[in-house]
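Engineer: Just passing along the structure, written as structure tokens.
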Amino acid sequence: MSQTRRRRRRPARRSQGPLFRTIGRGTGRLTRTVLPQANAYTLIGRRAAAAGIGTKLGNHSFGATGMTAYLKNGGTLVAGTV
């Protein structure tokens, strides 16, 4: 296979855990515990402000953003698939 040839990416696996999770004290590792909604909203607001984004974002903004990026990079929507 040529070095310039792009390898096809495998579809991402769905995680069985929550998207926003807590970090274990003293371990620095993600836990399976859900981050409270208010904390997730605060985290997103801080990160958006640090990135210079003035628009208010919420936890569900990532779904639309992810789908837009997927479609712009050649992804397709097929009825009946998840």
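Any read-out appearing in this document is the output of simple, stated calculations on the displayed coordinates, not a laboratory observation. On a predicted model such as this, the values are computed, not experimentally measured, just so you know. Positions of Cβ are generated from backbone atoms using ideal geometry, with glycine treated the same way; all protein chains shown enter the neighbour counts.
Engineer: Can you classify the stretch 21-72 as rounded, prolate or oblate using the Cα gyration tensor, where a ≥ b ≥ c are the square roots of its eigenvalues, rounded means a/c under 1.5, and otherwise it's prolate if a/b beats b/c and oblate if not?
Structural biologist: It is prolate, given that a/c is not under 1.5 and a/b is the larger ratio.
Engineer: What is the local net charge at T31, summed over the other residues whose Cβ is closer than 11 Å to its Cβ (Lys, Arg +1; Asp, Glu -1)?
Structural biologist: The answer is +4.
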